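A quick write-up on the structure given underneath.
The values are calculated or read from the model by the stated rules, or taken from the named source; none is laboratory data. These numbers come from a predicted model, not from an experiment. Here the Cβ positions follow ideal geometry from the backbone for every residue, glycine too, while neighbour counts run over all protein chains shown.
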Amino acid sequence: MENRGYTGNAEPADRKPIGELRGVTKRFGEVLAASDLNLSIAEGEFLSFLGPSGCGKTTALRMLAGFEAPTEGDVLLDGEVVNTLNAHHRPVNMVFQQYALFPHMTVAQNIGYGLRQIRPRIPKAQIAERVSKALDVVRLAGFEDRKIWEMSGGQQQRVALARAIINEPKLLLLDEPMAALDRKLRKEMQIELQDLQRQLGITFVLVTHDQEEALSMSDRICIMREGRIVQIGSPQELYDRPKSRYIADFVGTSNFFNGKLTQLSDELSTVVLDNGMQVQGTVGEGLTGGQDVCISVRPEQMKLNRKGEGLQVAVHNRIFLGEHTEYLVTHETLGDFLVLAPRQAELTEGAFVVGDTATVSWEATAALILDRN
Amino acid sequence: MRLYAICVYLFLYIPIGVIALFSFNAGRHASQLQGFSTKWYGKALSNPFVMDALETSLIVAFCSALCASVFGTMAAVALQGIRGPVRAAFDMLIYVAVMIPGIVIGIATLIGLVTVFDQLNPLIAAIWPNGFEPPKLRMGIGSLIAAHTMFLMALVVIIVRARLAGMDRALTEASSDLYATPMGTFRQVTLPMIFPAILAGFLLSFTFSFDDFIIAFFVAGSETTLPIYVFSSIRRGVTPEINAIGTMVMGVSLFLLISAQLLLQRGGKKSR
């Protein structure tokens, strides 16, 4: 199992799985949208599907919602196989990308929609009470009788959230819910969503292409590429121990140098870079000696020195970012790469200016040896 | 170019304007204006033949517009769920149904209905209990409504389909996600959203049925609709009374058409 042995509050093993994908494959005609997805969603966790558009993350979400049936494999909710169970029978609710609020209904009618479908009928007074409670939760108290088009984008999103959480779903599915919001509002909503999730204890499954969004909100992230899950893990884990270059590149920024793995060891392995230089680093899973690999070093792990051991570089560009300064440096044979210097270092040692020569070094353990893909 | 356009419009609208003008003629000749009067309107409305024909026309227009709206909407919703060549075939058939000349529909419906009636009437007579007069299927209001419903349905399908296509699919998905059954989704989400289009389709159908002469002429049997009455009385010369009827029909038609247009525009805006 790929998702075992994680630390911190993202530990799914001691919690009951509420949703599961077992060997799920989905084809649309000739197109393979999702291929052999295996995933277990723990009760109460905040899980994100992260990947570029067309990677199959939305398909995975739609299979959980019941809008698509898997071609192969099983979708489980609360331990039961629900492959062909229609969406209206599933105890799962979704917040749609453009919210999909009913334009011919008021805010209260939208939010109470799910409760009104339940048979035997719930008394009207009770629905009204729960609607106003849900509005309280999303901080829209008193907006009951507003029309949808009178609400701003952020408010509409809260209505969409309230419409979903009022039903106390087993899974709350969020399909790029912030895509339509501007940057500032998005930040606010991210914090609010997290608070809401802790407060309600509902399991959240988010689909996003925004790595920042996924990193800041999720307990676990499931990275997808071309219909496959490439790695599942906590944000720190994905950042510190990416399985491939693709993931290291997708989660945060990193510098990559291509080479060949010459000596494999449990401690530090050796790579001969394309320019003949020998570098040591921690080897990732599933690599064999002699394989074409790349070395990944995060910009903040690199240290820029006036002199001493390390790569001889010329400072090419300097961007002051407040607490950090980002240097673009050029090495004769390795080309351009980024170094992030903390403000503190600059205050004590002085800043570099464009044209300076310097040396770049890093701890051997900070260099990750990864598959090139 | 502008002059040319003006000429075209004059050519189109002068005859209509003249009819409206002469309907207020005080004299009894259609070609000479002799002062203003509304007496021909009164005369038309108190003519029992006119009122009879009007009643028939209204019944036929209302019933066929209603049937066309209901069946057309059902067809449009069903077609929305179909993809591929089957849908393309249906699409083509619907556009063809709108474009086929009325005279073809008229003759085809007449022949079709007569053939079916000829087959059915002996059957009905055979199974009917002895001693009672068996009902006989014949041309009349029923066949008029059937023929009109058929060609108007295609119109409703096109209007409603356009509206359905403009509707966000996420809305029906959201409804189903919120536990509504397919029927519940149709009743609570789809129907309210396409209702303006259905109403517009109804109004257009009503107008087209009310104004139709060609198809009605073939299948009306012994019934007389207003256009048929006008046509037959023209053979006895154009009187200001005919002009008055024409003007009234035109007024009502224009009103319905504009209402339909407004409905389609307003409804379209709301759904975005």
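Being outside any loop (DSSP other than H, G, I, E, B) and either on the phi > 0 side of the Ramachandran plot or away from chain B (no Cβ under 14 Å) (or both) is the filter here, so list the residues in the stretch A:42-58 that pass it. Show your work before the answer.
Step one: of the stretch A:42-58, the residues outside any loop (DSSP other than H, G, I, E, B) are A:42, A:46-50, A:57-58.
Within the stretch A:42-58, A:Ala42, A:Phe46, A:Leu47, A:Ser48, A:Phe49, A:Leu50, A:Lys57 qualify.
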Quiz prompt | Checking B:Leu257 against (1) more than 30 Å from A:Ala164 (Cβ to Cβ); (2) more than 15 Å from the chain's Cα centre (by Cα); (3) surrounded by fewer than 22 Cβ atoms within 10 Å (Cβ to Cβ); (4) among the aliphatic types (A, V, I, L, M), the condition it does not meet | solution = (2)
Quiz item: How many residues, within the stretch A:101-115, are within 19 Å of B:Met167 (Cα to Cα) and more than 7 Å from every other protein chain (Cβ to nearest Cβ)?
Solution: 4
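Is there a residue being of a type in the set (S, T, N, Q), at pLDDT 90 or above and touching a helix residue (DSSP H, G or I) at 6+ places or on another chain (Cβ under 9 Å) anywhere in the stretch A:212-229? Before the answer, list the steps.
Going residue by residue through the stretch A:212-229, those that are of a type in the set (S, T, N, Q) are A:216, A:218.
Checking which are at pLDDT 90 or above leaves us with A:218.
Then drop every residue that is not touching a helix residue (DSSP H, G or I) at 6+ places or on another chain (Cβ under 9 Å), which leaves A:218.
Yes; the residues of the stretch A:212-229 include at least one that is of a type in the set (S, T, N, Q), at pLDDT 90 or above and touching a helix residue (DSSP H, G or I) at 6+ places or on another chain (Cβ under 9 Å).
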Self-check item: Some residue of the stretch A:50-67 being without any contact (Cβ under 8 Å) to a residue 24 or more places away in the chain and touching a helix residue (DSSP H, G or I) at 6+ places or on another chain (Cβ under 8 Å)
Solution: yes
Quiz prompt | Among (1) touching a helix residue (DSSP H, G or I) at 6+ places or on another chain (Cβ under 8 Å); (2) within 30 Å of A:Val92 (Cβ to Cβ) - the single one B:Met183 does not satisfy | solution = (1)
Quiz item: In the stretch B:208-219, which residues are surrounded by 22 or more Cβ atoms within 10 Å (Cβ to Cβ) and under 13 Å from the mean Cα position of the chain (by Cα)?
Solution: B:Phe208, B:Ser209, B:Phe210, B:Asp212, B:Ile215, B:Ala216
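To keep it simple, each residue is scored yes or no on (1) hydrophobic (A, V, I, L, M, F, W, C); (2) away from every other protein chain (no Cβ under 13 Å); (3) in contact with a Gly (Cβ under 9 Å, 6 or more places away or on another chain).
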{"residue": "A:Trp149", "(1), (2), (3)": "yes, no, no"}
{"residue": "A:Gly153", "(1), (2), (3)": "no, yes, no"}
{"residue": "A:Arg163", "(1), (2), (3)": "no, no, yes"}
{"residue": "A:Ile166", "(1), (2), (3)": "yes, no, yes"}
{"residue": "A:Leu172", "(1), (2), (3)": "yes, no, no"}
{"residue": "A:Pro177", "(1), (2), (3)": "no, no, no"}
{"residue": "A:Lys184", "(1), (2), (3)": "no, yes, no"}
{"residue": "A:Lys187", "(1), (2), (3)": "no, yes, no"}
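Report whether or not B:Ala53 is in contact (Cβ under 8 Å) with a residue 12 or more places away in the chain and farther than 30 Å from B:Ile145 by Cβ. Before you say what the answer is, go through the steps one by one.
Details: in contact (Cβ under 8 Å) with a residue 12 or more places away in the chain: yes; farther than 30 Å from B:Ile145 by Cβ: no.
For B:Ala53, the condition - in contact (Cβ under 8 Å) with a residue 12 or more places away in the chain and farther than 30 Å from B:Ile145 by Cβ - is not met.
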Exercise. Consider A:Gly252 carefully, then state whether it is more than 30 Å from A:Val329 (Cβ to Cβ) and either in contact (Cβ under 8 Å) with a residue 60 or more places away in the chain or surrounded by fewer than 23 Cβ atoms within 10 Å (Cβ to Cβ) (or both).
Key: no
Practice problem: Among the residues of the stretch A:172-191, count how many are outside any loop (DSSP other than H, G, I, E, B) and surrounded by 15 or more Cβ atoms within 10 Å (Cβ to Cβ). | Solution: 9
Practice problem: Just give me the residues in the stretch A:60-100 being assigned to a loop (DSSP other than H, G, I, E, B), under 16 Å from A:Ala162 (Cα atoms) and more than 8 Å from chain B (Cβ to nearest Cβ), in sequence order. | Solution: A:Pro91, A:Tyr99
Quiz item: Which one is nearest to the chain's Cα centre (by Cα) among residues in the stretch A:197-209 that are within 24 Å of A:Gly51 (Cβ to Cβ) and outside any strand (DSSP E or B)?
Solution: A:His209
Practice problem: Those residues that are under 12 Å from B:Ala53 (Cβ atoms) and either among the charged types (D, E, K, R) or touching a strand residue (DSSP E or B) at 6+ places or on another chain (Cβ under 8 Å) (or both), I need them from the stretch B:194-235; list them, please. | Solution: B:Glu223
Quiz item: Does A:Ala125 qualify as being more than 8 Å from every other protein chain (Cβ to nearest Cβ) and more than 18 Å from A:Leu185 (Cβ to Cβ)?
Solution: yes
Quiz prompt | Given (1) of a type in the set (Lys, Arg); (2) closer than 21 Å to A:Ala248 by Cβ; (3) surrounded by 15 or more Cβ atoms within 10 Å (Cβ to Cβ), number of the condition A:Arg372 does not satisfy | solution = (3)
Exercise. Please indicate, with yes or no, whether at least one residue in the stretch B:81-91 is among the acidic types (Asp, Glu) and closer than 29 Å to B:Met167 by Cα.
Key: yes
Self-check item: Enumerated strands (runs of 3 or more DSSP E) restricted to the stretch A:314-373, each holding at least 3 residues that are hydroxyl-bearing (Ser, Thr, Tyr) and closer than 18 Å to A:Gly259 by Cα
Solution: none
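For B:Thr190, are the conditions met, namely being modelled with pLDDT of 90 or more, under 30 Å from B:Pro15 (Cα atoms), hydroxyl-bearing (Ser, Thr, Tyr) and touching a helix residue (DSSP H, G or I) at 6+ places or on another chain (Cβ under 7 Å)? Walk me through how you get there before you give the answer.
Numbers: modelled with pLDDT of 90 or more: yes; under 30 Å from B:Pro15 (Cα atoms): no; hydroxyl-bearing (Ser, Thr, Tyr): yes; touching a helix residue (DSSP H, G or I) at 6+ places or on another chain (Cβ under 7 Å): yes.
No; evaluated as a whole, the condition is false for this residue.
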